[in-house]
Structures are given as structure tokens and as C-alpha cells.
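Asks: The structure is given below, and queries will be raised subsequently.
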Amino acid sequence: MTTEAQTPKSETPAGGRWVNGTWTPADQVSRAEADVEIQSSSRGLTIPIRWEVAAYVTLITVALLLRVWGLGDRAVHHDESLHGFFAWDLYQGRDYLHNPLTHGMFLFHIIAGTFFLFGDNDFTLRLSMALFGTALVATPLLLRNRMGPAATLIAALLLTFSPALLYFSRFARNDIFIAVFTIVLIGAMFRYIDEGKNRWLYVAAAALALGFTAKENMYIVVAIIGGYLAWRTAPELWDWLMGRIAIKDFTREAGFLLLVGALTLPLFAASLSIFDSALQLDLSASDGTPGLATGEPEAGLAMGVAITTVVILILVGWAFGLLWKPKVWAISWAVFALIFALMFTNYFTHPGGIGTGIWQSLGYWLEQQEVNRGNQPWYYYFIITSSYEFLPFVLAIGTAAFYAYRTGLFAWIMLGAAATFLSVGGYFSFNVGETGDTPEVLIPTVIGIVALAAFAMYVRTTSFMRFLLFWSIITFAAYTFAGEKMPWLLTHVTLPFIFVASKSLGDIIMHVRWRPSLNRGNWLLLAGVPIFFLLLWRLIFINLSGDFGSFFTLFLILATLGMMLVGQQYLGSRIGHSAAWGSATLVIALLMFGFTFRAGWIASFVHKDVPREILVYTQTSQDIRQVANEIKQAGVLTGEGKGIGLSIDTSDSFAWPWHWYLRGNTATLFQDLSVAEVDITNDVEIAVINAKNNDKVETDYAQGFTEPRRIQHRAWFPEDYRGMTPKVFWDTIWDRDRWRGSVDFFIYREISGEIGSVDSYVYFDDSLPLSPLN
């Protein structure tokens, strides 16, 4: 019997498919699949709702404490000082206009609002990020119907203690905002697909607008969601192209794709600048172009083309929206446009912000792609992820391998193709550079990523897990391929891995029948896994000195490990092999969680001011805070207050974070002594001089000033991981002695290279009634 014969006559125009053995019309497929996923994740353990509520209250409370405790203690980072100072300008009633260098305007408005409510200091500078980082812990609840109760709780737990998310929830940058808006957008997508309520479309529109006004990472998020939905709805879109269905009959998945695409289409207009050479136009000016801001179109024809393109794309979006759901589209567009306009125009005081927000947001960062800021190697995220976010990363890889095993040959073919092409791209990147812009690197890398995407979309699992795998793979690939690689971008790389890991662990917890399995000996397995790994660790680093004792120790370790593996197989036959492997996975996850907690605690509270962490990257010294306090104290004691005379040498970007710490000071002279003539005035009472320029001022400050004190301005992590080659990589794999350096860093944060730094000299007028603090 053919499928057509089985299809009911009431089939919707968009068709349908079989779900759990039942033919389901297309407009009900998503809800039916969600029901199957929910049912499949709730066969075992049941969590009482009061326990869930208590767990979430506890996690949110712990998350808040971790994010606000000592929030103002760390010296303000260079980037934080930029954000804080310009937000302070807004708070003071002065203008700060959109500049894509510092990303969207949301950060500046929310920090300015915090200053208005609580005053301006180092703590309030970071307070909104801490609150958003706390709110992030609750966002998995939007996906509870898809994930199940256990997986949702685990996601909240991992979001609470993730080293990257914790650290950058305590850091005045935009990335934690994007993390929240991303999960809200994804939650709204699946809620709309499952429930069909228009309010989720309005939530999605708001999340999109807030995301684009926060940071340009939202372009990547939209591309990933759009790619997933386009893949899922490809047959339906084809039917529409062929005229077999109307837009108004789109399923919820296709409708959500239309909404996201129509709202954001104008924001992708600047991608036309990729064809500048062919068009012989300058649609997005390169860095340093005279008279033009980076990413700005040239006046004249280029500006006309840019405006025309944006207008056409807005009209195209409206045409699709009106053909779909006119009222819903109009409301969604109004929500999106109002938020976007409010943020970029500084509440309608600078209308030109709409233009820079639409065009330069993308245009600037397309131009920066070639700049390769940070100059990190292509394998950077493998290094930093394995140092901090190893728990979700390892579990996500294990999850992919498990579903590949379940799927069969096609999955292994896709994984094999991906491994082959990515290895080819990686090999050539070692030989032709690390930018990834040569055909030898680009072509095999893109093919490998497509193969991984195909694996994610066709693997044998639920549609929600396919999305999570697709999201993880494409996110990691996008940030690896992007020119700029920075530690704060790890927040975006980590996020999808956390959800994959949480869903997998949650499914294990909910599927294993714990009481019968424990009665049959599963507790032995739970206790044996840590012992197994301790013995494995001992085996890896055993010192075979050639005497009988060392070989006997080796024999005992191997024999014990062998017996434990046999015991695991025996227990698997008693409690079920899936339960046995699932239980072992939970114990491994618990062990990794201990190291994860430790890594996050050390990075955020122990090494917060010291770049012994890749996550810290570069950091302002506490010396700067100390001198800033001395300056403040001098102003109080002299009665000059913020009018005390100061001179700051700005070479090597030393103006930051001094602009933040000296905000409001009315007698501060900022000058670059590396290029300018030394200007010593009688009004200067305290001077901060770059160490490399100190010889220029020693004579001038010899009389009337104290002996200069050398302070550290900023320091940075020694990036010894650079310069990796295939030979170095394989030599490291096979040489146990080389492992010790990696292990020492992973456990003890011991680094082989020296922490780099740049210093200053501080001069105090010897008539000040204050001695520099020690």
C-alpha cells in the first residue's frame, strides 16, 4: 500500500507525516513530535514539582551570590572602562552615539540606567551583567516541555557554575546579554511551534531586537536558527515555490522562519559589501579610510545603493508578512522596530543611529574579519574550551557519538567525511597561515562543516536534539572560522554544548529505573567509576624504572582495570547495558563537574586580577586602582577634589582605564608622550608616565616631585599554545613528559611562560599632604 493511499482525505494542503505510528497533518506535526519527546523523557524518575521549585530557587540564589560577591573588587579592564565611561557620559546627559567598535547601544543604556539608580562605581558598572547572568539560569524553563524536568534542572545547574558564563557575568561586556536573548529567542521558537500562541512571536521579535542592539553575534544566532528551520521546512518551501501552497497556510516552523527572516532581512543588507570589487563601490569602508568610519558606505552612489537596498528589503519583509499573518506581522514588526529605534537613536535624540545600526553593525565587522583581532590560531577554541568548558564539550561529543551509533552507516559516513575534510583544512592551515582565507583551507573546511550539519539533521533522535546538535556544531564552526577569537566569545560557544549535555544527562536520569538497578548492583558501578579513573591516571603517568616493583605495579593496575571492565559487562547484563553505560556517564559528569566548579572559582575569585588564566587574557593591574584611590585621597586632603592637576601619558592605550577612574576630574591632561613634546605645567600635581617614556620626563620631574614609583598598568597571559604544527601535536600526544605541562596548567594553573606586562611611573608633587600608599 502506498503512502498516498494511507493518507487521510482531510490532509492539509501542506501535507503531513507519520509521527509515533499515526498520520499527523502538517500543522500538528510539531506538537505531536514534542509530545513524543516529552513522553520519551519521562519514563523513569519523577521529580515532584515542589522539589523543582526549591531547586530553582536555590540555584538562582547561588547564581546571584556568585555573580555579585566582590563584584567591584577586580580592577576595571580596558574594555570595561570604555563601556563604563561612555555609559557615564549618557548618565551625565551627554551624547554617546552608536559606534560598532563598542557594539550595540543596549549595554550603554542599561549601565547608564544602573548609574542613575545606584550611583557610578566599579560595582554598579558590572551589576547589570551580574543580574543578566543570574536570569540566564532561569531561561531553560522556557524549554522544559522539550527538555524534560531533569534536563532543565541540569541546564540551570551548568549555567550557574559554567566558568566562562560566571566570569563574563562579572565583566562589563555585552556577551552575557546575548546569551540571555539567544535562549529567549530559541525558547520562543519552540513554544510557538508547540503551542501556536502569537505571544511567542512577539517575544521572539523583542528578543531579536534586543539581541541586535546588544551585539553583532546576533547575526550568527539568526543564521543558525534560519538554517535549521530552512532545512526542516525545505519540502514545504519547495511546495510554496511550486505554487502548491500559500504563505498563509505555512506550518508553524515555516511561519517562524518567515517572521525571523522578514524582520532581520534589512539588517543583512551590508553583506552586499562583499561584492565591492565587482560593483566598483565602497559600500563598507575599510579601517583607516580617510573621511569615513569603518563599515560606512561612501557618499554618493554607494550611499544611494545602500539606502535603496535597505528600503527594498524592508518592503520585501512587509510583503511576506502581510501575505502570512497581517495583524501578527504588524505587531511583531512594531515591537522589533520600536526597540531597535529606541536603542540606536538614544531614545529618538539621534535619528542617524537607525542608519548606523542597520548598516554599520554588520559592515564594520565584515571589514574587521580580515583584521583578525587577537591574532589567535584556528584551534583557539579547542584550547580554551578544553581548559574550562570540558564538561559540556566532552558530553556533547559523546552524545553525538552515541546517536551516530544508533543511526548507523549514514551517520558514520558523514562523520568520516567531516573528519577527513576538516583534517585536510587543518593540515593546510598549518602551512599557509591561520586566517582560513585560502582555498586550500576554506573549501575542505566548508565541506566538513556541511557534513557535520547533515549528520546533525539526519541523526536518529528527536527533532529537538537534532536542533541542539546543529546549533552546537555550527556555532563552534562559525566562531572558529571568524577572524576575531577572544575569550569572551567562549560564552557563545559554550551555550549550545551546555544544552546538549543537559538533555543527554536528563534523558539518562529519567530513563534508568534506579531502584531496581541499585538493588541489582548498580551501586558497585557508581562507586567503581572514580576508582577506575584514578587507576587509569596512575597508569598514564607510571614511572617504569626497570625494576621489579614498577613492573609489578603496572601488572596490578592493568589486572585491576581489566577485572573492572569485566565487572562492568557483568553488571550490564544484570541491569541492562544502557543503564550501566548511562550510570557510568553520570558519574563521569559528576567528576568533571567538580573540576568545572574549581576552574570557575579560581578564574573568577582567585586569579581575577592575574592573567594566569586564558580566560582572563589581559587585565588591568590592581596598582591602577590603588593609584586612583591615592589621587582621590589627595584631592580630598588638598581641598581641590576633582580639580586636582593630573597628567596621564596615553601611549600604548594607557588612557584606558584612566578615563574611567578619573571621570569627572576637571584638570586632567591626557597626552601621548611617545609622539608629543613633553608639556610640564605648574598645575600638574600627579603624573602617570608610560615606563618607555620615563626618560623624557625624569629631568623635568626631578625637582618638586617625589621619587617615581613603578607600577604595573596591565598584564597578559603568555600564549605558549601558539605555533602548533602537526609534528608538535603528534609528538605531544605520544610523549608523556609533554603532557605534564598541560596537566599542571589544567589542575594547578601553572604556566611555563612569563606573564607579560607594561608598566608606568607615578610622580607625586612633594608638597601634597599625602604619601603614596604601599
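Asks: Assuming 0.36 nm per residue, please report the length gained on full extension of the stretch Y347 to L544 beyond their Cα-Cα distance.
Replies: Fully extending the segment from Y347 to L544 adds 63.8 nm.
Asks: Sorted by accessible area with a 1.4 angstrom probe, largest first, how do L415, L107, L101 fall?
Replies: Descending order: L101, L415, L107.
Asks: Can you give the calculated 222 nm mean residue ellipticity of the chain, where each DSSP H run of n ≥ 4 adds -39,500 (n - 2.57) and the sum is split over every residue, rounded to the nearest 500 deg cm²/dmol?
Replies: -20000 deg cm²/dmol
Asks: Note the full-extension length gain between L97 and L279 as 0.36 nm times their separation in residues minus their Cα-Cα distance, in nm to one decimal.
Replies: 62.5 nm
Asks: Would you kindly state how much longer the chain becomes between L526 and I443 on full extension, computed as 0.36 nm times their sequence separation minus their alpha carbon distance, in nm to one decimal?
Replies: Gain on stretching L526 to I443: 25.3 nm.
Asks: Oh, and also: Hey, could you get me the Stokes-Einstein D for segment 250-372, Kirkwood radius over alpha-carbon pairs, 25 °C and 0.890 mPa s, rounded to whole µm² s⁻¹?
Replies: Translational D for this selection: 158 µm²/s.
Asks: Let me ask something else. How far is helix 736-748 tilted, in degrees, relative to the longest principal axis of the Cα atoms in the chain, given as a value from 0 to 90 rounded to the nearest 10?
Replies: So the helix axis and the longest Cα principal axis differ by about 70 degrees.
Asks: Output the Kirkwood hydrodynamic radius of segment 106-262, Cα pairs only, in Å rounded to one decimal.
Replies: That comes to 17.1 Å for segment 106-262.
Asks: To test your reading of the geometry: what angle, between 0 and 90 degrees and rounded to tens, separates the Cα axis of helix 523-540 from the longest principal axis of the chain?
Replies: 50 degrees
Asks: While we're on this one: How high is the relative contact order of the chain, given as a whole-number percent (alpha carbon pairs under 8 Å, six or more residues apart)?
Replies: 14 percent
Asks: Under a 1.4 angstrom probe, counting protein chains only, how are L391, L131 ranked by accessible area, largest first?
Replies: L131, L391
Asks: When the Karplus curve 6.51 cos²θ - 1.76 cosθ + 1.60 is applied with θ = phi - 60°, which whole-Hz ³J(HN,Hα) does each residue of segment 636-652 get, with x for Gly and Pro?
Replies: Those phi angles translate into 5, 5, 8, x, 7, x, 7, x, 5, x, 10, 10, 10, 7, 9, 4, 6 Hz.
Asks: Now for a different question. Which of rounded, prolate or oblate describes segment 493-557 when judged by the alpha-carbon gyration tensor and an a/c cut-off of 1.5?
Replies: oblate
Asks: Could you tally the net charge around I686, taking each other residue with its Cβ under 9 Å from the Cβ of I686, Lys/Arg +1 and Asp/Glu -1?
Replies: Once all neighbours under 9 Å are counted, the net charge is -3.
Asks: Students often get this wrong: which residues of segment 398-432 have the backbone nitrogen under 19 Å from the point 7 angstrom along Cα-to-C-beta of F382?
Replies: Taking a point 7 Å out along Cα→Cβ of F382, the residues of segment 398-432 whose backbone N falls under 19 Å are 398-401, 415-432.
Asks: Something else: Where does each of I49, I508 land when they are ordered by accessible area, with a 1.4 Å probe and the largest first?
Replies: Largest accessible area first, the list is I49, I508.
Asks: Shifting gears a bit: Could you order the peptides 316-323, 698-705 from most to least packed, using the average number of other C-beta atoms within 10 Å per residue?
Replies: 316-323, 698-705
Asks: Residues of segment 280-381: accessible area per residue at 1.4 Å, in Å²?
Replies: With all protein chains present, segment 280-381 gives 47 Å² per residue.
Asks: Between R513 and S742, how many nm apart are label points set 7 Å from Cα along the C-beta direction?
Replies: 4.2 nm
Asks: A702 to L637: FRET efficiency via 1/(1 + (r/R0)^6), r the Cβ-Cβ distance, R0 30 Å, to the nearest 0.05?
Replies: Rounded to the nearest 0.05, the efficiency is 0.80.
Asks: Next question, about the same structure. To test your reading of the geometry: what angle, between 0 and 90 degrees and rounded to tens, separates the Cα axis of helix 252-264 from the longest principal axis of the chain?
Replies: In the chain, helix 252-264 runs at an angle near 20 degrees to the longest axis.
Asks: With a 1.4 Å probe and every protein chain kept in, tell me what percent of the accessible surface of segment 253-402 is carbon plus sulfur.
Replies: With neighbouring chains kept in place, the figure for segment 253-402 is 73 percent.
Asks: Starting from the Cα of L409, step 7 Å along the direction of its Cβ; do the same at N121; then give the gap between the two resulting points in nm.
Replies: Here the answer is 6.9 nm between the modelled labels.
Asks: I would also like to ask the following. Cα extents of segment 363-512 along the three principal axes, largest first, in whole Å?
Replies: For segment 363-512, the Cα spread along each principal axis is 50, 32, 28 Å.
Asks: Okay, next question. Using only the Cα atoms of segment 447-552, build the gyration tensor, take square roots of its eigenvalues as a ≥ b ≥ c, and label the shape rounded, prolate or oblate: rounded if a/c is under 1.5, else prolate if a/b is larger than b/c, else oblate.
Replies: Oblate.
Asks: In addition: Under 12 Å from the Cβ of L131, count the other residues' Cβ atoms, weight Lys and Arg +1, Asp and Glu -1, and hand me the total.
Replies: Within the 12 Å Cβ shell, the charges total +3.
Asks: From the phi angles alone, apply the Karplus equation (6.51, -1.76, 1.60; θ = phi - 60°) to segment 126-133 and give each ³J(HN,Hα) in whole Hz, x where the residue is Gly or Pro.
Replies: These are the phi-based 3J(HN,Hα) values: 9, 5, 5, 5, 4, 5, 5, x Hz.
Asks: Continuing with the same structure: Give me the distance in nm between label points sitting 7 Å out from Cα along the Cα-to-Cβ direction at A299 and R722, one decimal.
Replies: Inter-label distance under the simple model: 4.1 nm.
Asks: May I ask you to derive the FRET efficiency for I733 and A337 from their Cβ-Cβ distance with R0 = 51 Å, giving the value to the nearest 0.05?
Replies: Once the sixth-power term is evaluated, E becomes 0.40.
Asks: Return the label of the correct value of mean projected area of the Cα convex hull in nm², as calculated from the structure shown, out of (1) 53.5; (2) 40.2; (3) 38.1.
Replies: Step by step, mean projected area of the Cα convex hull in nm² for this structure corresponds to label (2).
Asks: Taking R0 as 41 Å, what FRET efficiency do you get between Q712 and T61 from their Cβ-Cβ distance, rounded to the nearest 0.05?
Replies: Efficiency, from the Cβ-Cβ distance: 0.65.
The values are calculated or read from the model by the stated rules, or taken from the named source; none is laboratory data. None of the values given here were measured: they were computed from a predicted structure. Here Cβ is always computed from backbone atoms with ideal geometry, including for glycine, and neighbour counts include all displayed protein chains. Remember, those area values only see protein heavy atoms, side chains included, never the ligands or the DNA or RNA. Shrake-Rupley method; radii C 1.70, N 1.55, O 1.52, S 1.80 Å.
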